[in-house]
Amino acid sequence: QAASSGHEGRRRLCAPRIARRAQPHRGMLAVIAHRQSRGPKRKSEESAARCHAVYTWIRTAPGMELTDVEPSEVAETYGMPEAEFRHHLISQLVAEQNVLSLPWAILSVVLYAMLLFSHETVQSAYALIGAIDFDIGENANFAFSSPLAMGHKNYEDVNSYADFWSWMNKGFVPLTMQTQHPTAESSNLTIGDLSPRDRQYYLWHNYVIGPTKLSQEIAEDISCPNPFVGDALNISCTVEVSTKMNLAPVKQQVMSSDFVEEKSLTVWLKNASHASAVMADMEANRWLSTRTNRIRVSKMVYSPDSDLLLTTHVFFSFARSGRIWKQITHESMGLAPYRSWTAYLWDILFYTQVTFLFVCELQELCSKLCKSGRHLWRAITEYMGVWNAVDWVFIGTSYVVLVLWILRVVQLNDLRAATLATQDLGTCDSAECEGVYAALFQQAEDVGRFVAGTKIFNAVVPLFIMLRMFKAFSAQPRLALVTDTLRKAWTSLAHYLIVFGAIFASYACMGVAFFGRLSPGFATLDRAIPTMFVMMLGDFDFTGMEDSGRGYAFFFFASFMFLIVLVMLSMLIAIIMDVYVDVKQKSQNSEAFWVAVRNSARRAVQNWRKERVSMSKIIAVLNKDDHALLRVDSLLKQGSPYFVADLKEAQAKRLLTEAANAYSMRHSRGVAAGDIKRYADDVMHHLRPLCDYQAGGTYTTLSLEGEVLGGDEPCAAPAAATTVEALGGDEPCAAPAAAKTVEAPACDVDSLAAEVSLDMLLEAAHVRISSHAATPTVPEAANLLSQATIAARTVVSGLLRSARV
């Protein structure tokens, strides 16, 4: 061994692994040969020392470069390069920090969930909105067949101006402004009128605030698209003010659009009798006209049981196509932001954690800034990685949510004060009273929109918390399967998405052209894209497509399903699975997550007991020579430039062994066909002296130790054998003319599998060469050669049987 304690491991080692090879094996053919011939011995090119296939700083004898070297052997005997050891320690520190950040990220999820649910009354709001939607949709009816029968139409059946007035008079007003106690159908009972207090409640439990507001939005006059036809026919054109209504709008579109109220047309309906008189006058004066763009019927209630102030709007949108779209929307908000002390607690805990993370990230950035000589851009470049960027976005989004929450609390306090101020207005018969309620409705609408807008940030924060959890997952190979797979496959995925996007966009345009006139899902390109995406996942309306032509529908549907679903999605799965299999295979040798947690806990306990030295302290003594080889004694011996005070031998050995094992897992590879052939040639080279007989020279000296590899009986020499074609030899052995020919089984090394197990290859190809004084007869030499050939064939057969392809 070239390893010497006097060199402190600074030189490269050149020592083959021989300890395990020196012991004779039962059933192992040990051929001891010594060549005696005329002329000098030819040197082989393979006799030069080679680098180990994995630990490249270790020199090995020819044919031994694929041998397995134990990580503990590297730590104690050969040493580990300082650069690799330092890299391992740094990666362990980062991995430990990331593992410890996982419970921190989980805590962020728990704290934010408790914070959100302590302020947002989602369940109560859903229950109240559902009850009002159901009541207006099912019970505000018109088109009665008789006074005692149920109405046949609801607000969805309002398709003309007359229908609107019928729905208001027969459906909405009697439902929401009841004056008498209802009785059973066909009942002769008269319970009496409702008290003024009872008339203030809707659906028994919801307190009505103020009168019902009826407002209108007017369309704008514009020049007709074709002025020649417009002027010739003496007609005018109008356009929607705030939102396009050619296609059915969704609730979010109606809620987010500004309602440009024509204040001169706004009417307040105080009670049932007042509403009937006012609406009769409005209908007579044609309150609705061709310039009407939208009508909004608004009613405000307060639910004391859930502390919710709810404003309900029933929209009737008059599209320029002549159709009336109907939508019921709601704006809900809780008037008490903090209902108990626990709401304050969750706010304090969550933002304490966010502030702590902010301070830690700021300290790390300042440290980079100091190391870069106060060069800000260089420090930011070195510091700002993907995961640090995620942390900063999470911090920024969390503080944005905090600012929005403070603004929301201020607005809710003002709204609560304005709501309480309306209780002294009485019947509200004056214009001043109507102005107070108008301001209250507008303020509630503004706060409701603000609350609805903050939901975007409330929903984004958990997204970045999830990404921070992926940061913790990335430190553990078994948890990082998803992120590592996407990271390694992103190039292929990017090119795939280019092709997929081109095909998908082409089909979207095709769908608009084929079905846009009859199918609302293909009416516009922005509607066709989600429609096709849902169709790709199996939700489609083929019958609706057939309205545009059965042949067109079949061509579009069949080609889309074949190309997108069967081909492109299969290719996407293939791209991901190809990388996933490789990532999963590499992660099999890594420690389990609970082992990493256990190691982190062990280090924490040992640090607390002062039984170990921190890896940061060990890193501090490095940075001297990247190529220096560090062994266990290099870190423990006083006077060594790498001496670490208080470091225990067990910890030093464990760290160096883990570093060697990690290096082996990163750099190990399967044995290629060329490596197998070269190693097989080495084995054949060792067997070749068995057949190296020259006329006039001496016989090759041979000896058999133990039993034949793969055989159960000792060698038995045949009665007569003369010529054997040597496996791997160039010329047949010379033999007397009268001898019988025995052909050895051939072995074609080119037929080996592309990759085999390295350990199996080494164990099966164990052959030692040495000298021996015995001189066998020709039959004995032929027998030994035949047995050696069988042994070599057994070697190759064992390789093929043990191959892991």
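The values are calculated or read from the model by the stated rules, or taken from the named source; none is laboratory data. Since we're looking at a predicted model, the values are computed, not measured. We place every Cβ from the backbone using ideal geometry, glycine too, and count neighbours over all the protein chains shown. Accessible surface is based on the protein model in full, side chains and every heavy atom, while ligands, DNA and RNA are left aside. Shrake-Rupley method; radii C 1.70, N 1.55, O 1.52, S 1.80 Å.
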With r as the distance between the Cβ atoms of Met384 and Thr491 and R0 = 25 Å, compute the FRET efficiency 1/(1 + (r/R0)^6) and round to 0.05.
0.65
Student exercise, the stretch 230-316 dipole from Lys, Arg, Asp, Glu Cβ charges, in Debye to nearest 20
80
Stretched out fully, how many nm does the piece from Lys648 to Arg449 gain, at 0.36 nm a residue minus the Cα gap?
65.2 nm
Which lysines, if any, have their Cα less than 20 Å from the Cα of Lys368, not counting same-chain residues under 8 positions apart?
Lys617
Distance in nm between Asp633 and Leu537 label points, each 7 Å along Cα→Cβ, equals 6.6
May I ask for the equivalent-ellipsoid semi-axes of the stretch 446-504, computed as the square root of five times each C-alpha gyration tensor eigenvalue and listed largest first in whole Å?
32, 23, 5
Can you give the local net charge around Ala650? Use residues other than it whose beta-carbon is closer than 11 angstrom to its beta-carbon, Lys and Arg +1, Asp and Glu -1.
+2
Evaluated at 10 °C with a viscosity of 1.306 mPa s, what Stokes-Einstein diffusion coefficient in µm²/s does the stretch 83-183 have when Rh comes from the Kirkwood expression over alpha-carbon pairs?
83
Which FRET efficiency value, to the nearest 0.05, is calculated for Tyr399 and Ser590 with the Förster distance at 30 angstrom and r the Cβ-Cβ distance?
0.20
Counting only protein heavy atoms and rolling a 1.4 Å probe, one gets per residue an accessible area for the stretch 544-677 in Å² of 57
Rounded accessible area per residue of the stretch 348-427, 1.4 Å, Å²
59
With unit charges on the beta carbon (Lys/Arg positive, Asp/Glu negative), name the residue among Gln353, Ser332, Ala389 whose Cα is farthest towards the positive pole of the charge dipole of the stretch 328-399.
Ala389
Once Rh is set to the Kirkwood radius over Cα pairs, what Stokes-Einstein translational diffusion coefficient, in µm²/s, holds for the stretch 350-495 at a temperature of 10 °C and a viscosity of 1.306 mPa s?
81
Nitroxide proxy distance, nm - points 7 Å out along Cα→Cβ at Asp526 and Arg291
2.9
In a shell of Cβ-Cβ distance under 11 Å around Pro71, excluding Pro71 itself, what net charge do Lys and Arg (+1) and Asp and Glu (-1) give?
-3
Nothing charged except the Cβ atoms of Lys and Arg (+1) and of Asp and Glu (-1): what's the magnitude of the dipole of the stretch 597-656 about its Cα centre? Round to the nearest 20 debye.
380
Taking amide H atoms as placed 1.01 Å from N in the peptide plane, list the residues 5 or more away in sequence, or in a different chain, whose amide H sits under 5 Å from that of Thr238.
Ile222
Once every Cα of the stretch 331-436 carries one equal point scatterer and solvent is ignored, give the base-10 log of I(q)/I(0) from the Debye formula at q = 0.20, 0.24 Å⁻¹, two decimals.
-1.06, -1.25
Nearest 0.05, what FRET efficiency do Trp341 and Phe457 give at R0 = 25 Å with Cβ-Cβ as r?
0.50
Determine the sum of side-chain charges near Pro477: Lys and Arg each +1, Asp and Glu each -1, restricted to other residues whose C-beta is under 14 angstrom from that of Pro477.
+3
Go through 465-475, 155-165 and give me the packing order, highest mean Cβ count within 10 Å leading.
465-475, 155-165
Pull up all non-local amide H partners of Cys51: gap of 5 or more, or a different chain, and H-to-H distance under 5 Å with H placed in the peptide plane.
Thr60
Percent of Cα-Cα distances greater than 29 Å, calculated over the stretch 134-282:
33
